[in-house]
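**Q** I am attaching a structure below and will ask some questions about it afterwards.
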Amino acid sequence: MKAIVIREFGSPDVLKLEEVPTPQPGPGEVLIEVKAVSVNRTLDLVVRKGRYAVTPPLPHILGVDPVGVIAEVGPGVENRRVGQRVTTSLRISPPDAPPQLLGVHVWGGYAQYVKVPADKTHLIPDTLGFTEACVIARHAPTAFHLLRDRASLKAGEWVLVMGAAGGLGSSGVQAAKVLNAKVIAAAGADERVNAAIQLGADAGINYREQDLVSEVMRITGGKGVDIVFENVGDPEMFPKAFASLGKFGRLITAGSHGGGGVHLDISRLYLNQLTIIGAVGETPKDIAFALGAAAEGKIKALVDRVLPLKDAALAHELVEKRSGLGKIVLDPTL
C-alpha cells in the first residue's frame with residue numbers, strides 16, 4: 001500500500017509517500033480501506049516534530065482518526081463485516097490497559113489501509129459522507145462528553161467557547177446548542193467568529209479586537225457565563241476567559257496548544273466558588289450520538305479543504321500557519 005512514512009522527526013519535509021506492506025488484521029482486528037483522515041495540530045504536527053509526550057518508534061505512520069470501509073476481518077471478529085463504513089477510536093487499548101493511541105503508539109491512518117481492533121470501530125450513518133464523518137468523530141464526541149458529562153451543562157446556561165472555529169471549538173459550539181445552551185463564540189479574527197455564528201452561536205467576540213471580559217458581561221447582563229469551554233491554554237487569553245465566569249462557574253479544558261502555562265487568579269477561584277476541570281476522551285455512546293446528530297443535520301463538519309495523501313507535507317504546513325478555517329482532511333483515494 002501507499003502511506004506517508006516518517007523516518008526521522010522534523011519539519012513537514014520528513015513526510016514521505018512510500019510503498020509499505022499492507023497490514024494484516026490479527027485476531028479481533030479489522031483492516032480498513034481509508035477514505036479520509038484529518039490533520040491534527042498536536043497528535044500529528046507535534047508527534048512529527050518528536051516533541052509529543054510519547055515518541056513513537058521509527059519508521060512511523062501518523063493519523064489518529066481514519067475512516068473508511070472494512071476490507072478484511074481477522075479471526076474471531078463477529079460484530080463487523082466486509083463493506084461496512086466505519087470510523088475509528090483514537091484510544092485503541094482496552095479500558096484496563098495503559099493508553100495506546102492510534103497514529104501515536106501504532107501506525108495510523110495516513111495510508112491506504114489501517115488495521116484496528118474491531119471493537120474500536122463505529123458505524124457511519126448512510127447519509128453521512130466520509131469527510132464529514134471523519135471530522136465529526138474526531139471532536140464532537142469529546143465536546144459532548146466534556147460539556148454534558150464533566151461540566152454538567154444545563155439547558156439555558158451560558159457557555160463561552162474559546163477558539164470557536166477550531167476543530168474542538170466548533171464542535172463545542174454545536175454540542176452546546178444541541179444541549180440547549182446559549183453560546184458565545186470567541187475567536188481571534190472576524191471570519192472565525194462569523195463561522196462559529198453560522199454554526200449556531202448566539203453571539204460572537206473577536207478577542208483580538210474587543211475586550212473579552214467586558215463583552216461577555218455585556219452579553220450576559222453582568223452575570224458572566226456558567227461554563228468556559230477553553231481548550232487553548234493561551235497565556236494571554238486564559239486569564240480573561242477565566243474572569244468571564246460568573247459565580248459557581250466551571251471552566252473545562254482538553255487542550256493546551258496555545259502554550260499551556262497560564263496565570264490563575266486564586267482569589268477569584270475561591271471567592272466565586274469556581275471549578276476548573278481537565279478532561280479528555282469520550283464514550284462509544286458519545287460517538288454514536290455525535291454521528292447521529294450529524295446525520296440529522298443538527299451539527300456540521302467545518303472543513304477547510306480535502307487534499308490527496310501525497311500532499312501531507314502541504315497539509316502540515318497549512319495547519320502550522322493557521323491559515324485555514326476548519327479541518328484539513330487527507331483522502332488516500334484521490
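The values are calculated or read from the model by the stated rules, or taken from the named source; none is laboratory data. Because the structure is predicted, anything quoted here is derived from the model rather than measured. Every residue, glycine among them, receives a Cβ derived from its backbone with ideal geometry; neighbour counts consider all protein chains shown.
**Q** Name the residues in region 291-302 that are over 11 Å from HIS122 (Cα atoms) and either at pLDDT below 90 or hydrophobic (A, V, I, L, M, F, W, C) (or both), would you? Can you show your working first?
**A** Of all residues in region 291-302, those over 11 Å from HIS122 (Cα atoms) come to 292-302.
Within region 291-302, ALA293, ALA294, ALA295, ILE299, ALA301, LEU302 qualify.
**Q** Please go through region 211-248 and pick out each residue that is under 14 Å from LYS182 (Cα atoms), part of a loop (DSSP other than H, G, I, E, B) and out of contact with any Leu (no Cβ under 6 Å at 6 or more places or on another chain).
**A** Matches in region 211-248: THR220, GLY221, LYS223.
**Q** Inspect all residues belonging to region 210-225 and state whether any of them is buried (at least 18 other Cβ atoms within 10 Å of the Cβ), more than 20 Å from the chain's Cα centre (by Cα) and on the phi > 0 side of the Ramachandran plot.
**A** Yes - at least one qualifying residue is present in region 210-225.
**Q** In addition: Need pairs with beta-carbon distance below 9 Å; first residue more than 19 Å from SER170 (Cβ to Cβ) and free of Cβ contacts under 8 Å to residues at least 60 places away in the same chain and within region 312-334, second outside any loop (DSSP other than H, G, I, E, B) and of a type outside the set (D, E, K, R); sequence gap 6+ or separate chains.
**A** Final answer for the pair search is LEU334/VAL306; LEU334/LEU307; LEU334/PRO308; LEU334/LEU309.
**Q** Take the residues of region 69-98 that are in a loop (DSSP other than H, G, I, E, B), among the aliphatic types (A, V, I, L, M) and closer than 11 Å to ALA118 by Cα: which is modelled with the lowest pLDDT?
**A** So the first thing to find is which residues in region 69-98 are in a loop (DSSP other than H, G, I, E, B), and the list is 74-84, 89-90, 92-98.
Still in the list and also among the aliphatic types (A, V, I, L, M): 77, 82, 90, 92, 97.
Retained after the next criterion (residues that are closer than 11 Å to ALA118 by Cα): 77, 92.
Values: VAL77: 97, ILE92: 92.
Taking the candidates together, the pick is ILE92.
**Q** Which pairs have Cβ atoms under 9 Å, sit 6 or more apart or on different chains, and link a residue in region 260-280 that is basic (Lys, Arg) to one that is surrounded by 15 or more Cβ atoms within 10 Å (Cβ to Cβ)?
**A** Listed by first residue and then by second, the contacts come to ARG268/PHE242; ARG268/ALA243; ARG268/LEU245; ARG268/LEU274.
**Q** Within the group ALA290, ALA312, which residue is in contact with a Pro (Cβ under 6 Å, 6 or more places away or on another chain), surrounded by 21 or more Cβ atoms within 10 Å (Cβ to Cβ) and part of a helix (DSSP H, G or I)? Break it down stepwise before answering.
**A** Numbers: ALA312 fails: in contact with a Pro (Cβ under 6 Å, 6 or more places away or on another chain).
Testing whether each residue is in contact with a Pro (Cβ under 6 Å, 6 or more places away or on another chain), surrounded by 21 or more Cβ atoms within 10 Å (Cβ to Cβ) and part of a helix (DSSP H, G or I) leaves just ALA290.
**Q** Scan region 239-249 and give yes if some residue there is under 21 Å from the mean Cα position of the chain (by Cα), assigned by TED's automatic domain parsing to the domain that holds LEU153 and either surrounded by 14 or more Cβ atoms within 10 Å (Cβ to Cβ) or at pLDDT below 95 (or both), otherwise no.
**A** Within region 239-249, the first condition is being under 21 Å from the mean Cα position of the chain (by Cα), and the residues that meet it are 241.
If we keep only those that are assigned by TED's automatic domain parsing to the domain that holds LEU153 too, we end up with 241.
If we keep only those that are either surrounded by 14 or more Cβ atoms within 10 Å (Cβ to Cβ) or at pLDDT below 95 (or both) as well, we get 241.
Looking for residues that are under 21 Å from the mean Cα position of the chain (by Cα), assigned by TED's automatic domain parsing to the domain that holds LEU153 and either surrounded by 14 or more Cβ atoms within 10 Å (Cβ to Cβ) or at pLDDT below 95 (or both), one finds at least one in region 239-249, hence yes.
**Q** Is there a residue being touching a residue at least 40 places away in the same chain (Cβ under 8 Å), assigned to a helix (DSSP H, G or I), more than 30 Å from THR275 (Cβ to Cβ) and of a type in the set (Ser, Thr, Tyr) anywhere in region 112-126?
**A** No: zero hits.
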